[in-house]
Each structure stands twice: as C-alpha cells, then as structure tokens.
Amino acid sequence: MPHKPKGSTLGLHRLSKHAEVKCIERERQALLKFKQGILYDYDMLSTWSEDENNGDCCKWERVKCNNATGHVQILDLHGEHDYYFTGVINISLLIHLQNMEYLDLSWNEFIYSHIPKLIGSFTKLRHLNLSYSEISGSIPFELGNISKLEYLNLNHNHLFGEIPSQLGKLTHLRYLDLSYNDAIDGKIPYQIGNLSQLRYLDLGGNLLSGTIPFQIGNLPMLHTLGLGGNLDVKTNGAGWLSSLYSLTNLKLISLGNPGSSHPWLQNISKSISNLLELRLVGCDLVDSDIQVLFDFQSNISTSLTILDLSHNMLTSSAFRLLFNFSLNLRELYLSYNNFVLSFPLYPNFPSLTTLDLSYNSMAPSIFQGNFIFSSKLETLSLRNCSLMDGSFLVSSASMANSSSSLVSLDLSFNLLQSQTTFHWLFKFTTNLYTLDLKGNLLEGPIPDGLGNVMNSLQLLDLSYNKLQGEIPAFFGNMCMLQELYLGYNKLSGEMYSFIQNGSWCNRDIFYTLDLSYNRITGIVPTSITSLSELETLDLKGNSLEGDITESHFSNLSNLQYLYLSYNSLSLKFSSSWVPPFELLELGLASCKLGSSFPGWLQTQYYLEFLDISDAGLNDIVPEWLWNNLQYMEIMNMSHNNLVGLIPDKPFNLPLGPSLFLNSNQFEGGVPSFLQQASKLMLFENKFSDLFSLLSLSEKSINSSDIQTRIYWYNVTYIENYGGITTGGYALNILLMWKGVEYGFKDPEMRLKSIDISSNSLTGGIPKEIGHLLGLVSLNLSRNNLSGEIPSEIGNLNSLEFVDLSRNHFSGQIPSSLSKIDRLAVLNLSDNSLSGRIPDGRQLQTFDASSFEGNPDLCGFPLNKSCADEISTYPEDLTSDNPLFSKALYMSMCLGYFTGLGGLIVSILFWRRWRNAYLRSTTHL
C-alpha cells in the first residue's frame, strides 16, 4: 500500500485526546460492533475493548469526543504504508454516531465493503474520506443530504455507476475527488456547477461520457481541476475556462483530443494566468498543439513549474519549442512520445529538478558534448530510450558542472552492455541515492568502484542483466544501502561468504535483498538473521543447499516476502514453532518440507501468495488451510502427494485466487466453494465429479451473502493444462466482485472456454450448460461421459470449438448444433452416436474424422449412407469442387483469426481484460 499523504485535520485542534465526559454508551457499542468487521488492525485498536479500564471510548485510540457532551465527533481510522486495517466493514453500524463531524477510513483494505444509503443520515459530517480503501458499489445519492459536508474524497476505489446529481446540493463543499474508480460512468452532472465554494475537483480516471458541462465555469474559487481518464468525454466549447481565474492546477488525462479544438488550448494558454501545474496526458497532442499552447502571447509560459505532456504524439520539434519557455519549469514529464532526439541536450532548463524522457528514442550522440540541463537536476528518467554504451561520452567539464545535484537516475531497459556505463557513472553521478540499471545487457563483473564511489546509494537495481563473477563483498559495507536487487544475472559465489564478510553497517535500514536466479552456492548462514529489518528476502533459483532452521529467522520479525524456491534446501522446524513474522508472500517450491503438512503455516493468516509445490508433502491438507484463504491470490500445492477429500464446506475465497492443486492424489468430488477461484488447476488427481462447478443455474449465479454478490465478469475462462494425461484438467474462472447493488447485467455466467478433458468423469452433460451463452470453446473429450448431448448446447451461439470425442455419448446429434454458424472446429468421434448427421451447411463442412468411431452414425460427410436415402453427398460440397473447398477453408481461418484478434485487442486495450489476464499469469 502506498504512502498516505497528509490530509485535512478538521476539528482536531478543538478536541482533547482524553475527554472529561465519558462517551455515550450506544456510541461505544456502535464502535465495538464496527470493529468486529475489521479482521486485522496491527493492534491499532487495542484500546477498543469491553475491559473496565478501557470503558470510556473517548479515551480510545483514533476516537475523539466533544469535551462537553461526550459525543464522538472524530473517527480517524486512516491507514499508513505499513499499518492499515483490513476486513469487510459496515458503515451503517456507526449510525448512532449522529454528532460525528469527521470520518476518515482511507488507505485501508476494506475489500467488498460499500457506501450504504444510510450515509445520508450523518448530517453533521463535514469531512468524509474513503479514498484508497478498496470499497465498491455505487455512489449513493443520499450523500447529497449531508448539507454541511466540506470535504469528500472517494478516489482510487472500485465504485461504479453515475455520479449522483444530488451532490450538487452540497453547497459548502470545498474538496471533491472521485477520480480513478474505473467504472464511474455517465455524464458529468451539470449540478456540480452549484458548488461555488469548491476549491478542488478531480473526476479523472473514470468512464465518463458526453460533454463537459459549461457550468463548471461557475466555480471561481477552484484552484485544481482534473478531468478525463477515458476516451469519451468531449470538449466542445471551452469558454468557461476563462472564468476559472483562480485555477493553478489543470489535469486532463486521455481526454478526447483537446488539441483538435485549438480554442481549448488557447483558453488554457491565455486565460489561466496563474497556472502552475499543467498535465495533458494521453490527449493525442501533436507539435502544432504545443505551438498554440506556447505561442508568444501565452500567459502560462513563465508561470508553469510542472508540465506533463506524456503519452502523446510529440516529436523533437516540440521538445525544441519548450526550450524557449523553460525558465521556471521544475518538473517536465515527456515519456511515451515520438521523440527521436539526435542533438545534444543543452542547458535550456535552468530550474529543472525532474526530467522524464522515458520511452522515447535517443541517438548514440545524445549525451556527447554537454549534459547541463540544470545545476538543480535531481531526478532523471531515461527508461527504455534505446541508449547504448556510446551515448555516454560526455566532456569532463560537463560532468563537473552537473554531477552534484542528481540523486535519482533511471537507465533501465536500454541497450547498455559494457563496463563503460559504470565508469561514466563513477565520474558523473557520485551523489546518487537511487540507481536503476535493470533490463539492460550489462556483462562482466560488478566493478569494485561501485562500492567505493557510490557510497550514498540507498537503492541499487542491477537485475535482469548478464552480470557475471562473484557478488562483491562491498555491498555489505555500503552503509546507506536499503534495497539491493541483483536477480536474474549470472552472479556466483558462496552465500555464506557474502553474508559473513560484510560489516552490514546498514543492518538497521536494510530491508530488501534480491539475489534470485543467479548461480550462488553453499549454505545460508544463520547470521542472516542479523539483518533484522529485512522485509523481502529473495534467494530463489540458485544452487543453495543445506538446512534452514528457526535460527535463520529468529530476528526477522519484519519479514513479509520470503522466496527460497528452486534450491536444494531442507526446512527443519519444530512442530510447535511459531514464526516471529507474518508473511504476505511465501515461495518454497522444490524445497524439502518433510512429509507432513507444515503446521506453522497456520500462523500465516495474511498470505496472498503461497507456493509449496514439489515439496515432498505426503499428507492430508488440514481444514484450517481452506479456512485461511481470505487474502490468498495465488496458492500452488501441485506436484506433491497430498491425499484425501477436499472438504465441501462454505469456505470463503473473496479474492478469487488461482489455486494449483494438480499432480496430487486428491479424490472424490470437487467442492462447490472452489467456484470462487479465479484459476483452478486440478489435473493429475483422482477426482470423480466436476459438475457441481458446471451446473450453475441463473439462481445459483445470483446468490449472495450478507454483504456482496459475485460478479462473473466476461473474461471468465476455463482452460486445460492436463494435456493427454488421464485425469488432467484445469478450471480458470476470473471473478470481479462488485458489491451487492451491482448484481448482473445478464443472467448467464460469462464463461469463454471450458476444457475438462482427460478425466474419469461420468454421467451426462447438465442441461444448464445452455446458460453459458458467452462460451467460445468446449472440450470434454477423453472422459466416461454418457447419455445424449443436450439440445441446449444449441443456445451457445458463440461457440467456435467443440470437442466431445472419446466418451460414451449416445442418441442423435442435436439438430440445434447445426445452427451455430460460428462453429469452426467440431469433434464428436469415438462415441456411440446414432442416426443421421443433421442437415445444414455448417455440419456438412467438417471432415469425416469429426464423426468417425460412431458405428450407427450416417450421412454426409461420412462415407456411409443412411437407410432411407440413396446418396447423402451434396454435389457442391464434394472434392469435385476444389474452388469451393479452398474458399471454405479460407473463410474458416479468417473467422478464427478474426475472433482471436478480437480477443487479443480486447486484452491489450481494455484495461479490465488486460489486468485480469496479467494477474492470471503472475508467478507462473
């Protein structure tokens, strides 16, 4: 969770921490009930108890009462970077706090919580902050009833639906932020123009559409305005901008090309004379737009201190143009443009402290000669700029004038290869705090000069290169170093020597050590426990050996991420061991854990990632594990010898985790609670019944619990990785939970592909499969399924691939199957089907192999006539018409690749699909 910025402290100066009057009993009980929804609080609410010593809630942490009345007026439960609240909260339980003026629940993980309609009953609220709290649902219009509200912040959540026009009644509102909720849609309500006291308005990062209402120009006190974040908002008419004479910060993100209407840019340029910060990100701007923005009559060219033009289509000409208006610029962001900078960069930015030119192209001569942007330059980002070794031939005079101020340098994902880069750095950037060189082609050893010259480094990232040689011992003597990333190289040496030979003078501040995927050998010394502030220890993918014991972790109470996978390590802990840490991620793949399931994992309640695959386990999975998956996103227990039944109980998997349970000895039925998984790998087991996962009626899909419903989003996907292995299959279901009000836009579950092939499944295909109207691919081959193919399969008009081969299906092929005109691949072979293949051009286009192995089946394209006909071979479909055959196959291929292309485009450009896909492949 990111660091929380300092916010308003409305009313805190008037209220003492220890009120003289005790709190009201019903308010105390309300707070205790509210606390019950908080699963973990890092002991920040330890004073909230029924204990007689803590009976006065006015003395509780995070609570402040009115000195005279004892009523709770402030409830401040905001989280921080390392300490925050988690759980599913019910804000309605606070209804008895009718005198509350300040409520802050920001920067927490209240997943699946929502804003209740009762929020409108808190009529005395003046400050409401629910930002960065993972809440979902719609924005209730009842918020408009809180007439005294001055501060409303709901940004960076999962809210959806339209912005209620009733917010226009909050005439005392000074701060309104609804940005980055992704699914807030509809038009911007013109009633926002009634909020004449508004100073801050940010609606960006949503799915808003329509035109920007001119009534926003009725906000003369507005100093910050953020709009856009989508591609649908239109910008017709911008005269209202000239009324915002107090505006100092303007942010337009992914707005429908404001550059296409020069009056827009002219209004920005000439009417907003006090503009200090301008961000026009992803607006398809071209060079001519910059000329309009910064012409000779521009009023912002000298006032601007921060300019962000990233994600546009600007070229080098625009960059040169900025030279003339750069005297006061402190921060300049130009990443993701079309710059091809071939000229040396000269000292045209005298005040610049931050420059980001990432994801542009730079010629080898870019830094030859002068490199004097500014004597004040502190942060320089040149990520993925095609930089090569020859780019860094800079004169000594230039280096002398520019080296002292730079503290952060990002040269990652370039083409740097030789030691020249290091030598340049030693001479030019001696005061760096952060150096990022990951993703280059650097070869050879890490030079000793790095430890001698760059002793002020706090973060060093050399991962994803080709560095060789032993890991230098000087890393253990860099007293300012906090984070060290050396993963994915070819570094060697003994782990014991690396730890033992360093003074580790930074042990009190060193919290990340990543040596993953190198060639490090030997044992891990127990002295590693002296690095007591470690939060991340990543040693996976090396050649380490020996035992890992409790002594290795005795002082590592801050450890959150531990990766020891793919070594030859044996973990030997006593059965009663209670670790000092509470991990978020744990990777122990291929480690030797013993035959018994590790009981100490029961103490790791907040795990989000767990990999204990191929760990030699030969045991029943304890029930507590299935009951301990509230935060799990990925769990891999594959390739062990885990046995027994998975209990069919209502365990909760709220995050829809990816569960890899394949290659074990699980047996019996697959319990229904696994429907909540996002990816379920079950092949190479002994399961006998899967259809509790498939027989999902509309009623069962819409079932809800107390707080939420499952929303099966239309990236739902089932995929097989079992190959030809008997019993092999995998189920992949990607979920999107959206709160109780969201429900379903369609009655069907949006499964796209099902592959449960190569199992021992029996029985028939449930008729409910006809509910899966979004299905594109269905593979149930190589099982023991029987009965008739249900006619409801014909409802699946999106089907392109069907394989029901090598089963025991009987009866006729349903005629409804011939009506699926998108069907490109069909395999019904090796069953007991009978009768005539249904007429229809679609089924007759398939090869005879699609129907072979069904002795009682007849009709074209089989070379077997039915008893009631002479010939079933349509003339126009025989091999005598090669032109038709060629056209037919071309159309099939075109249809397939068009569909595939549509899926790929959706993944690339629709963020919901893209995020779901990326998450599904994480850690594989």
Exposure proxy check: 93, 278 ranked by fewest other beta carbons within 10 Å? 93, 278
Descending packing, highest mean Cβ count within 10 Å first, for 445-453, 767-775 is 767-775, 445-453
By count of other Cβ within 10 Å, fewest leading, how are 776, 524, 825 ordered? 825, 776, 524
FRET efficiency (residue 519, residue 431; Cβ distance; R0 51 Å; to 0.05) is 0.95
Quick calc: nm separation of the 7 Å Cα→Cβ label points for residue 863 and residue 165 -> 7.3 nm
Stretchable slack from residue 575 to residue 558, in nm (0.36 nm times residue separation minus alpha-carbon distance): 3.9 nm
Among 216-223, 71-78, how do they line up from the highest to the lowest mean number of other beta-carbon atoms within 10 Å? 71-78, 216-223
Express in nm, to one decimal, how much length is gained between residue 404 and residue 689 on full extension, taking 0.36 nm for each residue of separation and deducting their alpha carbon distance. 95.8 nm
Scan around residue 491 for amide H atoms under 5 Å from its own, H built in the peptide plane at 1.01 Å from N, and keep only partners 5 or more places away or cross-chain. 519
If we count other beta carbons within 10 Å of each Cβ, what is the order of 320, 806, 782, fewest first? 320, 806, 782
Charge tally in the Cβ shell below 12 Å around residue 44, where Lys, Arg are +1 and Asp, Glu are -1, residue 44 excluded: -4
Report the calculated FRET efficiency for residue 209 and residue 490 (r = Cβ-Cβ distance, R0 = 60 Å), to the nearest 0.05. 0.70
Using the Karplus equation 6.51 cos²θ - 1.76 cosθ + 1.60 (θ = phi - 60°), what ³J(HN,Hα) coupling, rounded to whole Hz, does each residue of the range 553-560 give in order, writing x for Gly and Pro? 10, 4, 10, 8, 6, 9, 5, 10
When Lys and Arg each count +1 and Asp and Glu each count -1, what net charge do the other residues less than 12 Å away from residue 422, Cβ to Cβ, add up to? -2
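We did not get these values from a lab; they are worked out from the coordinates using the rules stated. What you are looking at is a predicted structure, and each value in this text was computed from that prediction instead of being measured. Reconstructed Cβ throughout: ideal geometry from the backbone, glycine too, with neighbour counts over all protein chains shown.
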